[in-house]
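Data block below; observations after.
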Amino acid sequence: MNRVGYGAMQLAGPNVWGLPDDPESARRVLRLAVELGVTFFDTANAYGPRTVNRLVGEALRPFGDELIIGNKVGAGRGQDGSWIITDHPDTVRAQVHEALADFGTEVSELTYLRLDRDGLSQQSDVPLEDSLGVLVELRDQGLVRRIGLSGASPEALARARELTPIAAVQNRFNLLDRSGVQVLADCEAQGIMFVPYFPLASGQLASYDELTGPAQRLGTTPALVALAWLLRRSPAMVVIPGTKNPDHLRANVTAADVAADLTDEEVSRLTGLVDESQAVIDQPHQSTIDALTSAMASHR
């Protein structure tokens, strides 16, 4: 499939809550993505909650055979908009059925179980085997075609693979944050798709010479160079930049072309910004970003 996908989280209202101001504009962006060749869309029950999944269903159904919608379950939203753990087996089962209803389809092509606790105040006492076991049951019933993990440690990925094949893992990974490097290596070794979230480090990348130099040479933007580096970093990588802006979407889908035009030296300089052998594996996102940003200050 096309290795440049689309992350749909931004299509919800402010703070990923409720409908956007212009729902029809959001639907048009989703349809435009398909027209531009995007075949992989990333979303979650928690976006809205359920708002984004409904927009995806309204805009894209009936889904063609070439489309894969990756949907995350295991996290939800409180009445105050907070992000909460929802990984009890009964809740995971209900979320899958809710997603199918929102998409207007009979089977989920890819359902992730969210494992990480970034931004969540609680801890879970539900064993991985119990919550993941529900997805295995639903797959055996024909309601889920592929199973993925979101925010998986190397140990969790290994435990999960004892229960079921894992098709995709969605972990933090970008030029500033290489905390998922060991999981990326495991995915490469096991033929698992790796989907980095926060691929642009929440907008913190634009001032690095290692990005601006190639961007100027190629007549593109530092953000596109950062996406292109991810594609060059690993053949297992599928990126999911998100935007509500049609022009930004048109630019994002060219990331594969930019990746082909980067020189090996440029890729090496970008990779060398962080010593991946020293990356802290799967620590909370903000602390990792802060540490790596400080370590990289001399490269600005």
Report task. Go through segment 234-260 residue by residue and tally those that are part of a helix (DSSP H, G or I) and touching a residue at least 60 places away in the same chain (Cβ under 8 Å). Result -> 6
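Looking at A156, A152, which is the one that is within 16 Å of the chain's Cα centre (by Cα) and either farther than 19 Å from N252 by Cβ or of a type in the set (S, T, Y) (or both)?
Going through A156, A152 in turn, just one is within 16 Å of the chain's Cα centre (by Cα) and either farther than 19 Å from N252 by Cβ or of a type in the set (S, T, Y) (or both): A152.
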Query - Any chance R300 is at pLDDT 90 or above and over 18 Å from the mean Cα position of the chain (by Cα) - result: no
Report task. State whether one or more residues within segment 59-73 are of a type in the set (A, V, I, L, M, F, W, C) and over 22 Å from A26 (Cβ atoms). Result -> no
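Here is a list: V56, V52, V38. Which entry is within 18 Å of the chain's Cα centre (by Cα), modelled with pLDDT of 95 or more and in a loop (DSSP other than H, G, I, E, B)?
Values: V56 fails: in a loop (DSSP other than H, G, I, E, B); V52 fails: in a loop (DSSP other than H, G, I, E, B).
From the options V56, V52, V38, the qualifying one is V38.
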**Report entry** Subset tally (residues that are outside any loop (DSSP other than H, G, I, E, B) and without any contact (Cβ under 8 Å) to a residue 24 or more places away in the chain) for segment 138-157
**Finding:** 2
Report task. Among the residues of segment 179-229, write down those that are closer than 28 Å to P154 by Cα and exposed (fewer than 15 other Cβ atoms within 10 Å of the Cβ). Result -> E188, A189, Q190, G191, S202, G203
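Take the residues of segment 6-44 that are of a type in the set (G, A, S) and in contact with a Leu (Cβ under 8 Å, 6 or more places away or on another chain): which is farthest from P241 (Cα to Cα)?
Ranking the qualifying residues of segment 6-44, first place goes to G13.
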Requested in this report: Tally the residues that are at pLDDT 95 or above, under 26 Å from G180 (Cα atoms) and surrounded by fewer than 17 Cβ atoms within 10 Å (Cβ to Cβ), restricting the search to segment 64-120.
Outcome: 1
Query raised in the report: Residues of segment 179-227 being modelled with pLDDT of 95 or more, in a loop (DSSP other than H, G, I, E, B) and within 23 Å of R114 (Cα to Cα), which ones?
Result: G191, I192
**Report entry** Test set (1) polar (S, T, N, Q); (2) modelled with pLDDT under 95; (3) closer than 16 Å to D42 by Cα - N252 fails condition number
**Finding:** (2)
Report task. Answer yes or no: is there a residue in segment 162-178 that is part of a loop (DSSP other than H, G, I, E, B) and acidic (D, E). Result -> yes
Query - Enumeration of residues in segment 233-252 that are surrounded by 19 or more Cβ atoms within 10 Å (Cβ to Cβ) and either farther than 25 Å from V56 by Cα or among the aliphatic types (A, V, I, L, M) (or both) - result: R233, A236, M237, V238, V239, I240, L249
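The values are calculated or read from the model by the stated rules, or taken from the named source; none is laboratory data. No experiment lies behind these values; they were computed from the predicted model shown. Here Cβ is always computed from backbone atoms with ideal geometry, including for glycine, and neighbour counts include all displayed protein chains.
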